[in-house]
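What follows is a set of notes on a single structure, which appears directly below.
The values are calculated or read from the model by the stated rules, or taken from the named source; none is laboratory data. A quick note: this is a predicted structure, and the numbers were derived from the prediction, not measured. Neighbour counts are summed over all protein chains in view; Cβ atoms, including those assigned to glycine, are modelled from backbone coordinates with ideal geometry. What goes into the accessible areas is simple: the full protein's heavy atoms, side chains included, and nothing from ligands, DNA or RNA. Shrake-Rupley method; radii C 1.70, N 1.55, O 1.52, S 1.80 Å.
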Amino acid sequence: QVQLVESGGGLVQPGGSLRLSCAASGSIFSLYTMGWYRQAPGKQRELVAHITRGGSTNVVGSVKGRFTMSRDNAKNTVYLQMNRLKPDETTVYYCNAHSSTIDYWGQGTQVTVSS
């Protein structure tokens, strides 16, 4: 079992930056592909970025060049650095731990981009 706790959300002005963190506990963190998702009200949860066990990252096209995902296996933590944030990226961001047999989710952290 894996427990995921996100932090780092908050209010930021358009064009600003935030760094989200996701701390994992309860299992061997390095075995999981980790992902960041977001879900706006009334919409499906969508992938933002993921990072494999080996450290290879992939970010979706809409955030490419602005968002960066990284992981620190020694700290059991993944990060999402978000730069040049836009108002329509206001939503809840979720951390995910994925293996071939199961997915775990955190409780989410709210990001609000507004002046």
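Here are the numbers for the structure shown:
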{"read-out": "Region 1-64: trypsin sites (Lys or Arg not before Pro) falling in loop per DSSP and having at most 12 other Cβ within 10 Å", "value": "LYS43, LYS64"}
{"read-out": "Fully extended contour minus Cα-Cα distance, from ILE102 to LEU11, at 0.36 nm per residue", "value": "29.5 nm"}
{"read-out": "Hz values of 3J(HN,Hα) by residue in region 107-115 - Karplus curve (6.51, -1.76, 1.60), Gly and Pro given as x", "value": "7, x, 9, 7, 10, 10, 10, 7, 8"}
{"read-out": "For region 1-31 versus region 96-115, the gap between their alpha-carbon centres in whole angstrom", "value": "8"}
{"read-out": "Most to least accessible of THR109, THR33 (protein chains only, probe 1.4 Å)", "value": "THR33, THR109"}
{"read-out": "Cα-based equivalent ellipsoid of the chain: semi-axis lengths in Å, sorted from largest, via gyration tensor", "value": "23, 14, 13"}
{"read-out": "For TYR79, solvent-accessible area (1.4 Å; no DNA, RNA or ligand), Å²", "value": "40"}
{"read-out": "Where labels lie 7 Å past Cα in the beta-carbon direction, separation of LEU47 and ASP72 in nm", "value": "2.6"}
